[in-house]
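Participant: Let me give you the structure first, and then I'll get to my questions.
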Amino acid sequence: MSAELLLAGYAQGIFPMAESRENPQLHWFDPAMRGIVPLQNFHISRSLAKHIRRGNYTISTNRAFRAVVEGCADRDETWINGPLFALYDQLHGAGFAHSLEVWQDGALSGGIFGITLGASFFGESMFSRRSNASKTALAYLVDRLRQAGFSLFDTQYITPHLATLGAVEIPRAEYRARLARALRQEADFNAPEVPDPHSLLQRMTQTS
């Protein structure tokens, strides 16, 4: 699979995964129900807001893309294999794959990465090495997507963790309609600056 073919698949509403890190083959997936995070309905709990307000972390974007992908694959079972690592590296170099990192005490404590096309952000995976790191990454990511002009945040599937933050499932046909609209729009992941905790929480509570 080439990077161009991968992007073409995303534009059609499908995405690749491997059965395991050891299996070199990739398979296309097209679930009947698709997970998304409505950008205006992201839920920040009181405990998460308290953690964000504390500010004992630093946020960056595209500073450690490969390390974020490696962090996401660092688990007993993963769908990220060698060919996907190579494809993600190519897409990152071409400006289509991005990461958002959370740093604490000088170390990478969590992050999330995904692919962008038009005003669509296809969230691939996230990881956390310290409490609330992945939730913090999601909060800053959602704010960035809003400020940058994105209209679709695709999570492929949803987990109980994502559901608590506002993720929902929509039928394949509705997803493809939203995707078609988003692909006709423009957005720039790199444009917004990283906000301070107060500004982030103020914006999120005003629009969610």
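Just so you know, all these numbers are worked out from the coordinates, no wet-lab data involved. These numbers come from a predicted model, not from an experiment. Positions of Cβ are backbone-derived with ideal geometry, glycine not excepted, and every protein chain shown enters the neighbour counts.
Participant: Give me the number: length gained by fully extending L5 to D89, i.e. 0.36 nm times residue separation minus the C-alpha to C-alpha distance, one decimal in nm.
Facilitator: Working: separation 84, 0.36 × 84 = 30.24 nm, distance 1.47 nm.
Difference between extended and current length: 28.8 nm.
Participant: With θ set to phi - 60°, apply the Karplus curve 6.51 cos²θ - 1.76 cosθ + 1.60 along the range 178-192 and write out the HN-Hα couplings as whole Hz, x wherever there is a Gly or Pro.
Facilitator: Karplus values, whole Hz, x for Gly and Pro: 5, 4, 4, 5, 5, 5, 8, 9, 10, 8, 10, 4, 7, 5, x.
Participant: Quick check: the distance between the Cα centres of the range 17-42 and the range 63-96, to the nearest angstrom?
Facilitator: That distance is 14 Å.
Participant: Quickly work out the H161-to-R203 label distance, labels modelled 7 Å from Cα along the C-beta direction, and quote it in nm with one decimal.
Facilitator: 2.4 nm
Participant: Under a point-charge model restricted to the Cβ atoms of Lys and Arg (+1) and Asp and Glu (-1), what is the dipole moment magnitude of the chain relative to its Cα centre, in debye to the nearest 20? Don't jump to the answer; show the numbers that get you there.
Facilitator: On the way: 20 positive and 20 negative charges, 161 e Å.
Computed about the Cα centre, the dipole is about 780 debye.
Participant: A further question on this structure: What distance in nm lies between label points placed 7 Å from Cα along the C-beta direction at V194 and R21?
Facilitator: With each label placed 7 Å out from Cα toward Cβ, I get 2.7 nm.
Participant: Let me ask you something else. Which whole-number percent gives the relative contact order of the chain, counting Cα pairs below 8 Å spaced six or more residues apart? Each step should come with its number before you reach the end.
Facilitator: On the way: 366 pairs, mean separation 58.8, N = 208.
This gives 28 percent for the chain.
Participant: So, one more: If the label point is 7 Å along Cα→Cβ of A32, which residues in the range 166-186 have backbone nitrogen under 19 Å from it?
Facilitator: 168-177
Participant: Averaging sequence separations of C-alpha pairs under 8 Å and six or more residues apart, then dividing by the length of the range 115-208, give the relative contact order as a whole percent.
Facilitator: Values: 83 pairs, mean separation 38.0, N = 94.
Computed over the range 115-208, the figure is 40 percent.
Participant: Normalising by the residue count of the range 95-151, find the relative contact order in percent from Cα pairs under 8 Å and 6+ residues apart.
Facilitator: Value for the range 95-151: 30 percent.
Participant: Continuing with this model, one more query. If you plug each phi of the range 196-201 into the Karplus form 6.51 cos²θ - 1.76 cosθ + 1.60 with θ = phi - 60°, what whole-Hz ³J(HN,Hα) values come out, in order, with x for Gly and Pro?
Facilitator: 6, x, 5, 5, 4, 5
Participant: Sort largest first and round to whole Å: the equivalent ellipsoid semi-axes of the range 39-195, each the square root of five times a Cα gyration tensor eigenvalue.
Facilitator: Values: eigenvalues 99, 74, 52 Å².
Equivalent ellipsoid semi-axes, largest first: 22, 19, 16 Å.
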